[in-house]
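To keep things clear, I will list the structure first and then write my remarks on it.
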Amino acid sequence: MRIVIVEDERMIAERLRRLVTEIVGDRLESLTLLDRFSLAREHLATHPIDLLFLDLDLYGRDGFGLLEEALASSFATIVVSAHHDQALRAFELGVTDFVPKPFGRDRLAKSLARLETREPALRKQLQNLAVRTRRGIDLVPVARVRYLQGADDYTALHLVGGQRRLHPKSLRALETLLPSPFTRVHRSFIVNLARVRSLESHGGGKHRIILDDGTDVPVSRARIAALRQDLRMDDS
């Protein structure tokens with residue numbers, strides 16, 4: 001695992017390094033400490049990583065700009081911050097976890113376990129997905145997403161209005177972040193149940209979802225029973 005820690009307080013950074021190294025163990029491939037947003041932005045743009053630990057306040061500067069950039073990338077992000085009041089805002093943007101300062105080994109271990117098991121901390125809080133554009137970073141409200149389609153290492157977001165955006169996170173990674181109206185219906189598709197118009201059977205055990213714009217999405221046999229239950233709950 002390739003990890004970057006962005007933290008300006010040296011003692012906290014070193015403690016994070018020590019505890020993370022202990023917890024991750026032999027799976028740790030590299031661990032880099034950075035104390036400025038400019039250095040972090042350059043490093044993240046030029047080095048592939050798997051996990052970012054990010055403090056939102058470096059030398060008095062607001063780190064949400066860098067956070068949005070991080071969340072528009074393929075790696076996972078865990079915020080470590082003394083600003084507990086910013087936790088909800090961070091979760092709304094799609095962080096994997098928010099670790100409040102001061103923290104102990106058990107809290108960090110729990111956060112890393114969530115990452116390993118793909119268990120989200122507060123997935124119901126996610127409101128936006130950060131997407132890179134030529135102009136910078138756009139925050140796409142999840143309510144505007146009709147469905148998501150896996151595309152190799154990327155995910156295509158199909159939006160209300162016919163727009164299509166690419167997100168560098170995999171379908172599996174986004175599945176752990178998306179709130180409950182979204183459900184996996186196929187190995188390559190996640191749909192927003194709020195946008196489902198009907199579920200159709202085409203014989204031979206084949207099923208398709210029809211969305212509110214007429215788009216049809218395949219449903220795998222393994223997921224049809226759970227989907228029917230989800231749709232009944234949604235109707236209620």
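Quick check, is residue 131 closer than 17 Å to residue 79 by Cβ and within 13 Å of the chain's Cα centre (by Cα)? Criteria not met by residue 131. Restricting segment 15-38 to residues that are in contact with a strand residue (DSSP E or B) (Cβ under 8 Å, 6 or more places away or on another chain) and assigned to a helix (DSSP H, G or I), the residue that is farthest from residue 106 (Cα to Cα) is 37. Residue count for segment 179-203 satisfying the condition of being closer than 19 Å to residue 72 by Cβ and either touching a Gly at 6+ places or on another chain (Cβ under 8 Å) or modelled with pLDDT of 90 or more (or both): 2. Checked against (1) surrounded by 23 or more Cβ atoms within 10 Å (Cβ to Cβ); (2) within 10 Å of the chain's Cα centre (by Cα); (3) modelled with pLDDT of 90 or more, residue 94 passes all but condition (3). Evaluate segment 45-68: report whether one residue or more is free of Cβ contacts under 8 Å to residues at least 12 places away in the same chain, over 28 Å from residue 174 (Cβ atoms), assigned to a loop (DSSP other than H, G, I, E, B) and out of contact with any Lys or Arg (no Cβ under 8 Å at 6 or more places or on another chain). So far as segment 45-68 goes, yes, one or more of its residues are free of Cβ contacts under 8 Å to residues at least 12 places away in the same chain, over 28 Å from residue 174 (Cβ atoms), assigned to a loop (DSSP other than H, G, I, E, B) and out of contact with any Lys or Arg (no Cβ under 8 Å at 6 or more places or on another chain). Going by what's in this entry, would residue 38 be described as small (Gly, Ala, Ser), farther than 23 Å from residue 91 by Cα and either surrounded by 15 or more Cβ atoms within 10 Å (Cβ to Cβ) or at pLDDT 95 or above (or both)? Here the answer is no, as residue 38 does not meet what is asked. Scanning segment 50-65 for residues that are surrounded by 21 or more Cβ atoms within 10 Å (Cβ to Cβ), modelled with pLDDT of 90 or more and over 12 Å from residue 95 (Cβ atoms) turns up just one, 55. Checking each residue in segment 192-221 for being surrounded by fewer than 12 Cβ atoms within 10 Å (Cβ to Cβ) and not in a helix (DSSP H, G or I) picks out 198, 201, 202, 203, 204, 205, 214. Inside segment 182-197, residues that are under 16 Å from residue 143 (Cα atoms) and in contact (Cβ under 8 Å) with a residue 40 or more places away in the chain make up a count of 8. Just so you know, in segment 121-177 the residues that are assigned to a strand (DSSP E or B) and hydroxyl-bearing (Ser, Thr, Tyr) include one that is surrounded by the most Cβ atoms within 10 Å (Cβ to Cβ), and it is 155.
Apart from one condition, residue 113 fits all of (1) assigned to a helix (DSSP H, G or I); (2) more than 28 Å from residue 167 (Cβ to Cβ); (3) not β-branched (Val, Ile, Thr); the exception is (2). The one condition from (1) in contact (Cβ under 8 Å) with a residue 40 or more places away in the chain; (2) assigned by TED's automatic domain parsing to the domain that holds residue 22 that residue 86 does not meet is (1).
The values are calculated or read from the model by the stated rules, or taken from the named source; none is laboratory data. Because the structure is predicted, anything quoted here is derived from the model rather than measured. Note that we place each Cβ from the backbone using ideal geometry, even for glycine, and neighbour counts take in every protein chain shown.
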